[in-house]
Amino acid sequence: MRLKALSCLFSAAIGYAALSLGAAPVAAQQNFITIGTGGQTGVYYVVGQSLCRLINRNTSTHGIRCNAPSTGGSVANVNAIRGGEMDMGVVQSDVQYKAHEGLENFADAGAFSDMRAMFALHGEPLTIVARRDAGIQHLKDLKGKRFNIGNPGSGQRDTMDVVMQALDWTIRDFALASQLSASEQAAALGDNNIDAMVYVAGHPNGSIQEATTTVDSVLVAVDGEEIDGLIEEHPYYARATIPGGMYRGNEQPVDTFGVRATMVTSAQVPEETVYQTVKAVFDNFDRFKRLHPAFAELTEQEMIKEGLSIPLHDGAVRYYRERGWM
C-alpha cells in the first residue's frame, strides 16, 4: 500500500512537471507590443488605444498583447521605434517621409531606411486657435504675439518649423514662443498665458474643443503664397478646410493645409506581428470607424495608398494581397 502511494505521488509529480514544461513554450510565444501615440486629448492617443483594443480581443488566438502609452507625438514616436523602445507608432505623413530620408530634423541621425508603413489614417489640418481678444485672424497676424509653437518631438512643432522657415520667421519674431505639449496648451490659452496655440490633428479634437469652450477664441486661416509653395513642393501636404460649426464661436469654415496620420513600424518587427495588427483593423473595419468621429469617413483603399511615402512592411503587404488589394 505504501509502495502504491509513493508510486502515485511520483506519477503525479512527473505529470505536473510535464504540464509545466508543456506550458512554457506557450508563455514564451506571448508577444508584447507597444504603440506610440500622442497627448491624451488628441486623436493619436485614441488611435493607439483603439488598435490595442482590437488586437487584445484576440490575444488567445495570435498571442499578441498591446499597450499604447501617451507620448510626445510624431517625432518622438519615430525616435522610439528607431531605438527599439516601441514597435509601432502614429506619425504624420510629412514626418514619416523626412525620417525615412534623413531630412531636416532627422539629418543628424541620418536616414531611417528600416522604417516601414502599415496604413494611413485620418487627415490632419494644421489648426491654429487664437484668443479672440488677441486680434489674430490670419497666420501672419501671429508675428509679435505669444504663440505656443509646440513641444519638441511633436508633429505640430515639426510642421510649424517648416511654416516658419517658409515665412522667414524665427522664434524671435514672437513676443513669446512657448513649447507646451498638446495637453497643456488649451489651459494656457484659457489662462491668458498665450495668445494662440497650434495643433496638427484630426477633427473634432478634444484639446481644441477645450480651448474654444474655455475662452472666446477663433480658428485662424493658414493660407497664402508661402503655403501654396509648400503644397506644390511637398507631395505629403494638401489643402484642407476645417468645417464650420464644429467648435463654439466658429461657424464659418477655415482654410488651412495639412497632412495625414499614418501608422509606421520598423522592418525589424516580425512579419506576423504586423500582419496580425493590420488584420485586427481591417477585419473589424466598421467597428474601428466607430471608435472616433475622425475615422468615420475612412475607406480601405485610401488607407493603403494615401500619405504613404515609404515602403510597406512585409506583414502589411501579405494581408493586402490576401484581400486582393494589391
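Read-outs: derived from the displayed coordinates by stated rules, not from any lab. As the structure is a computational prediction, the values presented were derived from the model and not from experiment. We place every Cβ from the backbone using ideal geometry, glycine too, and count neighbours over all the protein chains shown.
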Relative packing of peptides 104-110, 38-44, 303-309 - highest average C-beta neighbours within 10 Å first: 38-44, 303-309, 104-110
Beta carbons within 10 angstrom, averaged per residue: use that to sort the peptides 87-96, 181-190, highest first. 87-96, 181-190
So what are the three principal axis dimensions of the range 269-326 from its Cα atoms, in whole Å, longest to shortest? 31, 22, 22
Rounded Å value of the spacing that divides the Cα centres of the range 242-257 and the range 105-172: 19
Just to confirm the number: angle between the C-alpha axis of helix 271-282 and the first principal axis of the chain, 0 to 90 degrees, nearest 10? 60
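My understanding is that a pair violates if its Cα-Cα distance is over 29 Å; which of K98/K140; K98/K143; K140/K305 do that in this structure?
On the way: K98/K140 26 Å; K98/K143 27 Å; K140/K305 34 Å.
Pairs exceeding 29 Å: K140/K305.
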With each label point set 7 Å from Cα along the Cα-Cβ vector, what nm distance links F32 and S113? 3.3
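Ranked highest first by the average count of other Cβ atoms within 10 Å around their residues, in what order do 246-256, 67-77, 228-238, 127-137 fall? Working shown, then result.
Values: 246-256: 15.9, 67-77: 23.5, 228-238: 14.4, 127-137: 19.7.
Highest-to-lowest ranking by the protection proxy: 67-77, 127-137, 246-256, 228-238.
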Give the Cα extents of the range 124-259 along the principal axes, in whole Å, largest first. 37, 32, 27
What's the angle, to the nearest 10 degrees (0 to 90), between helix 155-166's Cα axis and the longest principal axis of the chain? 30
If each K or R counts +1 and each D or E counts -1, the residues other than L176 whose Cβ falls under 13 Å of its Cβ total +2
Find out how many positive minus negative residues lie around Q40, taking Lys and Arg as positive, Asp and Glu as negative, among other residues whose Cβ is under 13 Å from that of Q40. -2
Which net charge results when you count Lys and Arg as +1 and Asp and Glu as -1 among the other residues whose beta-carbon is under 12 Å from that of I128? -1
In Å³ per residue, the alpha-carbon convex hull of the range 179-238 encloses 108
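Taking N as the number of residues in the range 216-294, what is its Cα Rg relative to 2.2 N^0.38 Å?
Details: Rg = 18.1 Å, N = 79, 2.2 N^0.38 = 11.6 Å.
Taking N as the residue count of the range 216-294, the ratio is 1.56.
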